[in-house]
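The values are calculated or read from the model by the stated rules, or taken from the named source; none is laboratory data. Predicted, not measured: the structure shown is a model, and the values here were computed from it. Here the Cβ positions follow ideal geometry from the backbone for every residue, glycine too, while neighbour counts run over all protein chains shown.
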């Protein structure tokens, strides 16, 4: 990396530079967390909902920050005004931070082909499919998403679906340095609305679907959609050269109408890429024929559910746009399993158990419908809702889960700072108002709820543990406790007896 002078950064961001005598000071990194500052960093002191980043200036300077980016309110703070480092002042510092970080880290996505995937559900599955397909095409891959971050197969945990812009650009720089050529990346609505992907150049952008989620952050569904649509906006710097849109729902069709040049995919109705001869096997695998301009390709998946056919079509269309033929990529999809996404747990039992991340109404409905079509017995579902999030979806999830289950066990998810009993009550009220409901029980302790569901299962049934998927912890009253649904299912199966762990 080549250090960048503060004056160059100020000019590129059209920011006011205070203390111009220090403008030649070189910057070698960037962060918006004072606790993460390293010597040579630009500290982005951004306004927040609870505190202003400028309040942490002293800690950032003590750690070696050599410049500060902030807004006029932050610049007026005494610690910033008296700082012996140059200060860049901008009315909207978050908006320019991504571009500044990209400049500091050498514009890494100019050397990478980045495929960005957005939508309510399916981002993680499509991301893993893209990684597998790109590798099949001989590309050196990076993966960035909810479950994990991988750089040429080396794995690291993910804290956010899309990291803050300085972390993201630094990560891209590491990927480029390690020889990565292509990156599959999940792009959340938060990341788009908060400019976390500013400074990123996309080669392909993809849309999976849209359903109710994050309405604690977005005003309404239209606002949520518009945030997703930003990934496809050609006026944005770094906008994707090619677009892939699933038009199975009204939101996808609306997006495709805005971008007539987009490649469309669908499992129902007309599109550029469609699924023919879909066949689901009793073991949860499925096959179909992907039909696209120029021919057809047979596809086999280990993942059940019609929505995974849609996910596979999106991935194959993106891979085709990236130069990897579907004939090359499709065989890799047959081998793919995604952590916490329709993840089967098999300990020798005579019933099916799956762990899935479904934590929004449409995803829960699609999950249960997929299993209903593939098992002959009952469906036993374990479900809760997260605290400090969209409260409106709780009764909806309860109703959908009750309608799709023969036995619904209402339990805790991540209560966070809310009263767990109040969350369960909202879920249960929705469930009990559903006229098509099955049996409903409430067991607050998630470990006990999973054990009860496993104990209730009969041969041929399906036990579904939904909501947390790949997560390795449960957050209660602000404290994250170790908790893994897959491990808990295995423990419950061992305790049930007659199976092998």
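Scanning region 369-389 for residues that are farther than 18 Å from residue 411 by Cα and outside any loop (DSSP other than H, G, I, E, B) turns up 369, 370, 371, 372.
Restricting region 348-368 to residues that are crowded, with 17+ Cβ neighbours inside 10 Å and part of a loop (DSSP other than H, G, I, E, B), which is farthest from the chain's Cα centre (by Cα)?
Quick first cut of region 348-368, residues crowded, with 17+ Cβ neighbours inside 10 Å only: 349, 351-368.
When the remaining residues are screened for being part of a loop (DSSP other than H, G, I, E, B), the result is 349, 351, 357-360.
Values: 349: 32, 351: 30, 357: 11, 358: 12, 359: 12, 360: 13 Å.
Ranking the candidates gives 349 first.
Is it the case that some residue within region 448-458 is in contact with a strand residue (DSSP E or B) (Cβ under 8 Å, 6 or more places away or on another chain), closer than 22 Å to residue 148 by Cα and in the same structural domain as residue 373 (by TED's automatic domain parsing)? Write out each step before concluding.
Going residue by residue through region 448-458, those that are in contact with a strand residue (DSSP E or B) (Cβ under 8 Å, 6 or more places away or on another chain) are 449-450, 452-454, 456-457.
Next cut, closer than 22 Å to residue 148 by Cα only: none.
No, region 448-458 contains no residue that is in contact with a strand residue (DSSP E or B) (Cβ under 8 Å, 6 or more places away or on another chain), closer than 22 Å to residue 148 by Cα and in the same structural domain as residue 373 (by TED's automatic domain parsing).
The lone criterion from (1) modelled with pLDDT under 95; (2) in the same structural domain as residue 143 (by TED's automatic domain parsing) left unmet by residue 348 is number (2). Condition test on residue 336, is it within 27 Å of residue 205 (Cβ to Cβ), assigned to a loop (DSSP other than H, G, I, E, B) and modelled with pLDDT under 90? Taking the combined requirement at face value, the residue does not satisfy it. With respect to residue 371, determine if the residue is surrounded by 22 or more Cβ atoms within 10 Å (Cβ to Cβ) and in contact with a helix residue (DSSP H, G or I) (Cβ under 8 Å, 6 or more places away or on another chain). It is false that residue 371 is surrounded by 22 or more Cβ atoms within 10 Å (Cβ to Cβ) and in contact with a helix residue (DSSP H, G or I) (Cβ under 8 Å, 6 or more places away or on another chain). Cβ separations smaller than 7 Å between residues 6+ apart or across chains give no pair from region 478-501 residues that are on the phi > 0 side of the Ramachandran plot and outside the structural domain of residue 416 (by TED's automatic domain parsing) to residues that are assigned to a loop (DSSP other than H, G, I, E, B) and modelled with pLDDT of 95 or more. Restricting attention to region 64-100, the residues that are touching a residue at least 40 places away in the same chain (Cβ under 8 Å), touching a helix residue (DSSP H, G or I) at 6+ places or on another chain (Cβ under 6 Å) and farther than 17 Å from residue 14 by Cβ total 0.
Go through region 237-266 and count every residue that is in contact with a helix residue (DSSP H, G or I) (Cβ under 7 Å, 6 or more places away or on another chain) and free of Cβ contacts under 8 Å to residues at least 24 places away in the same chain. Number satisfying all stated conditions: 1.
In a residue-by-residue description of region 434-441, the property of being at pLDDT below 95, surrounded by fewer than 21 Cβ atoms within 10 Å (Cβ to Cβ) and over 16 Å from residue 368 (Cβ atoms) applies to at least one position. Scanning region 433-463 for residues that are in contact (Cβ under 8 Å) with a residue 40 or more places away in the chain, farther than 16 Å from residue 347 by Cβ and within 29 Å of the chain's Cα centre (by Cα) gives 446, 447, 449.
Filtering 58, 73, 84 for residues that are out of contact with any strand residue (DSSP E or B) (no Cβ under 9 Å at 6 or more places or on another chain) and in a helix (DSSP H, G or I) leaves a single hit, 58.
Once region 91-118 is narrowed to residues that are surrounded by fewer than 24 Cβ atoms within 10 Å (Cβ to Cβ) and touching a strand residue (DSSP E or B) at 6+ places or on another chain (Cβ under 7 Å), the residue that is farthest from residue 170 (Cα to Cα) is 113.
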